[in-house]
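Read through the structure below, which is laid out as structure tokens, and then see the notes.
Nothing in this text is a laboratory measurement; each read-out follows from the coordinates by a stated rule. Please read these numbers as outputs of a predicted model, since none were measured by experiment. With ideal geometry, Cβ positions are generated from the backbone for all residues, glycine too; neighbour counts draw on all protein chains shown.
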Amino acid sequence: MTMNIELIRLLAFLVGIIAFAALNAAYLVWVERKGAAHFQRRIGPKEVGPYGLLQPLADGVKLMTKQLLVPDGVDPLLFKVAPILLLVPAVMSFVTIPFGEHLAARNVDLGLLMIFAFASINVLGLLIGAWGSANKYAIIAAARVISQNIAYEIPMLLTAIALVMATGSMNLNEIVAQQGGGLWHWNLIRLTYAASPLTPIAFLIFFTTMLAETNRAPFDMAEAESELVAGAFTEYAGMGFGVFFMGEYANIVVGASLVTVLFLGGWQSPLPFLPGSVVWFLAKMYAIIFTVVWIRWTYPRTQFYALLNLSWKVLIPISLVNLVLTAGWLKVF
Amino acid sequence: MKPTLLSPDGLSGLIFLALVAVTVAGALVAVAAQRLVRGIAGLSLCFIGVAGLYYFLNSPFVAMMELLIYVGAVCVAIAFAIMLAEPRSEDKVGKTSGLGAVFGVIVGGLAFLGLALAGRHTHWAGAPSKLNSGSITEVGKALLTSYSLVFELISVVLLVAIIGALVLAQSGRDK
């Protein structure tokens, strides 16, 4: 009977996670549009519902009623599989993210590794979609996405390794538990005695690489609409495009959750006398997501070579030095 | 007693068979595909199946590394290399000649036979001496103590690869 209860719990979490991802995708589009509008001194969507709050529903209905067009010359199977391939790793990553103290679908010992393992798959989704659609713009976008992904995965993993050395665990729940007891215990600052003083640098590198890995501006080379029409998504219509979009936003939510868990104390409260709860987690996560939107509408897109140079010539050396110094610090203290 | 389909043993057997089927199907797609992009998709499917087998065999660390390295890095690097080398990537790969196919089948069969024989005749360590707590601490300790020679040899292979890449890049630049 216990097995059945565990199964039901997992199923409930799975349904919840998919609903959470879909709801976030829908409403992050609204946040994105409203945010963009206000950064540019416009109003943004306002016709459908109060403050345009029903706009995502209208968009969804529009996308779902459109024909799922499969153009001639594409690889029909890969063309259809690609959007799902982008969405599935994000949903898998949510399985191990601890939203609250007891609110995680599965408490995996290698949680951090699991998220990185699945995150490394989602570039294949973009690649297969772009390549399968046999479109020049899409193939250029695929080439860019791959070189960008290879370049930025290295500093991301190097900083993650440094962080794992400092925390001594890959279990996300445990990493969060270590950060209890107020703002100054968070990995972002970590004023406790045996901690590495380098985590703010790690945070900056991690945040930058997160932006690049989720293909967000100023690193949105996959969908550089001023150069490549819509990049990898050029040939997609209707809900095919919609699922791609959901995948993109789900990946942003995963990235922001990861930053929250690793550096901002997850569900721990900022002050020691307040109880930790899922509310803190969501507040921190949405603050990160809002920053991501803010950056997108503040900075112009970088040039492609500047993007690669930033990773190979700046971020990778810094994260290597960070790794070595963290190891030294941990050995000495 | 023969395990029924819905007992834990039966279900785990079913999962094992499904994973093997995914691996074999991916491998078949990878070798038989006419388009390169399908080949890469098949190869990554095969790797995902292998990762699933590792997870099934109770070593989650190896399974995750399989996903991270083989799907996330090797497949993507292969795609990258093909894109650099072959600008008209939508072209189909030419058909191989009949002789080549026969030769390939023979070599593949011999490799399979050799591995199967090696597998049959190796004295496998029993369960207690396996490094199978799956924890990274155990794996790390084992790599740096009892298996340090293997570890060092792998780094030599990587060094050779890096030097080779540098040599190739250098001669390309002089042209």
Would you kindly state how much longer the chain becomes between B:Ala116 and B:Val31 on full extension, computed as 0.36 nm times their sequence separation minus their alpha carbon distance, in nm to one decimal?
28.5 nm
With a ≥ b ≥ c from the Cα gyration tensor eigenvalues, square-rooted, and the rule rounded for a/c under 1.5, otherwise prolate when a/b > b/c and oblate otherwise, the protein assembly as shown is rounded
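Which whole number gives the average count of other chain Cβ atoms within 10 Å of the Cβ atoms across peptide A:107-117?
Details: counts 0, 2, 6, 8, 1, 1, 8, 5, 1, 4, 11.
Taking the mean over all residues of the peptide, I get 4.
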Restrict the search to region A:244-330; then list the chymotrypsin sites (Phe, Trp or Tyr not before Pro) that DSSP places in a loop and that have at most 13 other Cβ atoms within 10 Å of their Cβ.
A:Phe273
The protein assembly as shown - charge dipole about Cα centre, Lys and Arg +1 at Cβ, Asp and Glu -1, debye rounded to 20
340 debye
Would you mind checking which residues have amide H under 5 Å from A:Gly100's amide H? H placed 1.01 Å from N; only 5 or more apart, or other chain.
none
In the structure shown, do any of A:Lys46/A:Lys284; A:Lys284/A:Lys331; A:Lys46/A:Lys66 have a Cα-Cα gap over 30 Å, and if so which?
A:Lys284/A:Lys331
Please compute, for peptide B:64-74, the average count of beta-carbon atoms on other protein chains lying within 10 Å of each residue's beta-carbon.
6
What is region A:70-332 by shape, rounded, prolate or oblate, if you read a ≥ b ≥ c off the alpha carbon gyration tensor as root eigenvalues and call it rounded for a/c under 1.5, prolate for a/b larger than b/c, and oblate otherwise?
prolate
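Sort B:11-24, A:91-104 by the packing proxy (mean of other Cβ within 10 Å over each peptide's residues), most packed first. Present the calculation step by step, with values, prior to reporting the outcome.
On the way: B:11-24: 14.0, A:91-104: 19.8.
For the peptides B:11-24, A:91-104, the packing ranking is A:91-104, B:11-24.
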Read phi for every residue in region A:275-288 and hand back ³J(HN,Hα) as whole Hz from Karplus 6.51 cos²θ - 1.76 cosθ + 1.60, θ = phi - 60°, with x for Gly and Pro.
x, x, 7, 5, 4, 4, 4, 5, 4, 5, 4, 6, 4, 4
Shielding by other protein chains, A:141-148, mean Cβ within 10 Å
3
Could you work out how far apart the two model spin labels at A:Gln40 and B:Val102 are, taking each label as a point 7 Å from the Cα in the direction of the beta carbon, and quote it in nm?
6.7 nm
Cut-off 10 angstrom, C-alpha nodes, Gaussian network model of chain A. Which of A:Val61, A:Val243, A:Val253 fluctuates the most?
A:Val61
For chain A, set up a Gaussian network in which alpha carbons nearer than 10 Å are linked by springs, and say which option among A:Gln67, A:Gln268, A:Gln179 fluctuates the most.
A:Gln67
Under 15 Å from the A:Ala58 label point (7 Å along Cα→beta-carbon), backbone N, region A:27-46:
A:30-31, A:33-34, A:43-46
In the protein assembly as shown, taking the dipole from +1 charges on Lys and Arg beta carbons and -1 charges on Asp and Glu beta carbons about the Cα centre, the listed residue (A:Gly125, A:Gly240, A:Gln303) farthest towards the positive end is A:Gln303
Quick note, region B:135-175: a/c under 1.5 would make it rounded; otherwise a/b > b/c is prolate and the rest oblate (a ≥ b ≥ c, C-alpha gyration tensor); here it is prolate
GNM of chain A, Cα pairs under 10 angstrom: of A:Ala256, A:Ala119, A:Ala230, the biggest fluctuation goes to A:Ala230
Against the longest alpha carbon principal axis of chain A, how many degrees, from 0 to 90 and to the nearest 10, is the axis of helix A:122-132 turned?
20 degrees
